[in-house]
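Presented below is the structure to which this report refers.
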Amino acid sequence: MTTLVTGGSKCGKSSFAERILDGFSGRKIYIATMQPFGSDAFEAIERHRKMRAGKGFETIEKYTDIHEISLSGECAVLLECVGNLCANEMFSGGEIAAPADKIAEGIKQLSERAAELVIVTNQVGSDGISYSAGTAEYIRVMGEINRKIAGYADNVIECVYGIPVVLKGEMPC
C-alpha cells in the first residue's frame with residue numbers, strides 16, 4: 001500500500017503520515033531527506049525526531065539517490081519529504097538530466113519493496129508568484145514528481161489545516 005500525503009507548510013502532514021503507520025507491527029523505517037544546513041533545518045529535524053520518539057521508527061538519512069536504499073518486504077516506510085529530496089538532487093552540484101524521473105522511479109522502487117510506504121510531499125507553485133529561473137524549475141519538477149507518485153499511489157491525502165482530505169483511494173487510518 002502506497003499513500004501520498006500532501007499539503008502546504010505546517011498543515012499537519014508529518015503527524016498524519018506517522019499516524020498512518022501507528023498500527024503497523026513490523027519494522028518501521030523513517031527516511032529523512034532534510035540535509036542539516038542552518039538553524040531552521042536543525043530545528044525542523046529536532047521537532048520531527050521528538051514527534052516520532054517512542055513510535056518504533058528506525059531512521060535512515062538519505063539526501064539523494066533514494067533508489068539505493070535496500071529494504072525487506074515486510075517493513076513500513078515513511079519518506080519525509082519529497083520537497084527536500086528534490087532540492088537535494090537538483091541543487092547539490094551534480095547534473096541530473098531528468099530529476100523528476102529519477103526521484104519518482106526511486107520512490108516507486110521503495111513502494112515495491114515495502115509492505116507500506118507513506119510519502120510526505122509539499123504543494124508548491126499555487127501561489128502565483130513569479131520566481132527566479134532556478135526556483136521556477138524546482139516548482140515544475142516538484143509538480144511532475146507529485147503527479148507521477150499520485151499516479152501509482154493507492155491513496156492520495158491532502159492535509160488542509162490539520163484535516164486530512166482523501167483525493168484518491170481511501171483514508172488509510
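The values are calculated or read from the model by the stated rules, or taken from the named source; none is laboratory data. From a predicted model like this one, the values you see are computed outputs, not experimental measurements. Reconstructed Cβ throughout: ideal geometry from the backbone, glycine too, with neighbour counts over all protein chains shown.
Here are the numbers for the structure shown:
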quantity	calculated
Output for segment 45-82, where each listed residue is free of Cβ contacts under 8 Å to residues at least 40 places away in the same chain, among the charged types (D, E, K, R) and assigned to a strand (DSSP E or B)	58, 61
Considering residues of segment 4-48 that are among the acidic types (Asp, Glu) and over 15 Å from the mean Cα position of the chain (by Cα) only, the residue modelled with the highest pLDDT	22
Within segment 112-147, tally of residues that are of a type in the set (A, V, I, L, M), in a helix (DSSP H, G or I) and closer than 26 Å to residue 77 by Cα	4
Unmet criterion (only one of (1) in a strand (DSSP E or B); (2) of a type outside the set (S, T, N, Q); (3) at positive phi) for residue 164	(3)
Of all residues in segment 78-110 being crowded, with 20+ Cβ neighbours inside 10 Å and of a type in the set (Val, Ile, Thr), the one that is nearest to residue 122 (Cα to Cα)	82
Residue check for residue 13: in contact (Cβ under 8 Å) with a residue 12 or more places away in the chain, basic (Lys, Arg), in contact with a Ser or Thr (Cβ under 8 Å, 6 or more places away or on another chain) and closer than 21 Å to residue 124 by Cβ	yes
Candidate set: segment 111-130, residues that are without any contact (Cβ under 8 Å) to a residue 12 or more places away in the chain and polar (S, T, N, Q); chosen: the one surrounded by the fewest Cβ atoms within 10 Å (Cβ to Cβ)	130
Tally of residues being touching a residue at least 40 places away in the same chain (Cβ under 8 Å) and surrounded by fewer than 19 Cβ atoms within 10 Å (Cβ to Cβ) across segment 131-149	4
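Residues checked against (1) at pLDDT below 95; (2) of a type outside the set (Asp, Glu); (3) within 27 Å of residue 51 (Cβ to Cβ):
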| residue | (1), (2), (3) |
| --- | --- |
| 86 | no, yes, yes |
| 92 | yes, yes, yes |
| 96 | yes, yes, no |
| 104 | no, yes, yes |
| 107 | no, yes, yes |
| 117 | no, yes, yes |
| 120 | no, yes, yes |
